[in-house]
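Undergrad: Mind looking over this structure? Questions follow.
The values are calculated or read from the model by the stated rules, or taken from the named source; none is laboratory data. Just so we're clear, the structure is a prediction, and the values are computed from it rather than from any experiment. Here Cβ is always computed from backbone atoms with ideal geometry, including for glycine, and neighbour counts include all displayed protein chains. With ligands, DNA and RNA removed, areas are computed over all heavy atoms of the protein, side chains included. Shrake-Rupley method; radii C 1.70, N 1.55, O 1.52, S 1.80 Å.
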Amino acid sequence: MMGGLWLLFGAAFLAASLIPAQSEAVLVGLILGQTYPVWLLVLVAGIGNVLGSCVNWGLGRVAETQADKRWFPISRANLARAQDRYQRWGWISLLASWVPIIGDPITLAAGVMREPLWRFVLVISIAKFGRYIVLATTVLGAVHFF
């Protein structure tokens, strides 16, 4: 019974990391399957996604010293672009951390720019949980509509 929750957590964690993954499809499938309460699914997805973003923040903390190493997943050029965007908008840019493609570099840049962890977690939690809440209510509305 817990397998679906672990799958959702893993998908959400990976989706927030620099590894391409999609958690929305897993969440929608589990909502439609009606095996778990929707609030629990949103909670699990949100926690997984926030923790995945925290990994990016941690990578950002060491990125400047590791960016030229072959094994490190971020190039110096990508790091510079992310830093530039983050400097322009500051912590408020973390509200866009849920957006595909641009969200992950923003969370990485927050680590590079030494964003305090407490504010980082607070702002990305609002963004990430907000996205899952909107998705869940949209799916539930569509199910009741049809």
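Undergrad: Tell me the per residue accessible area of the chain using a 1.4 Å probe; a whole number in Å² is fine.
TA: Values: 8120 Å² over 146 residues.
Computed with neighbouring chains in place, this is 56 Å² per residue.
Undergrad: If you rank 123, 99 by how much accessible surface each has, with a 1.4 Å probe, what is the order from largest down? All intermediate terms of the calculation are to be shown ahead of the outcome.
TA: Working: 123 10, 99 45 Å².
Result of the area sort, largest leading: 99, 123.
Undergrad: Expressed as cubic angstrom per residue, what is the convex hull volume of the alpha carbon set of the chain? Intermediate results must be reported in sequence, preceding the final value.
TA: Details: hull volume 15.0 nm³, N = 146.
Taking only Cα atoms, the chain has a hull volume of 103 Å³ per residue.
Undergrad: Which whole-number percent is the relative contact order of region 12-123 (Cα, under 8 Å, 6+ apart)? The partial results should precede the final answer.
TA: On the way: 132 pairs, mean separation 32.2, N = 112.
Here the relative contact order equals 29 percent.
Undergrad: Put a dot 7 Å past each Cα toward the Cβ at residue 133 and residue 24; how far apart are the dots in nm?
TA: 1.8 nm
Undergrad: Let me ask you something else. Mean-square fluctuation check for the chain, GNM, Cα pairs under 10 Å: which of 62, 121, 50 is largest?
TA: Fluctuation is largest for 62.
Undergrad: Whenever you get a sec, compute what percent of the accessible area on the chain sits on carbon and sulfur atoms (1.4 Å probe). Before the final figure, lay out each step's value.
TA: Working: 5710 of 8120 Å².
In the chain, the share of accessible area belonging to carbon and sulfur is 70 percent.
Undergrad: With every atom except the alpha carbons ignored, what do you get for Rg and Dmax of region 39-124, in angstroms?
TA: 12.8, 43
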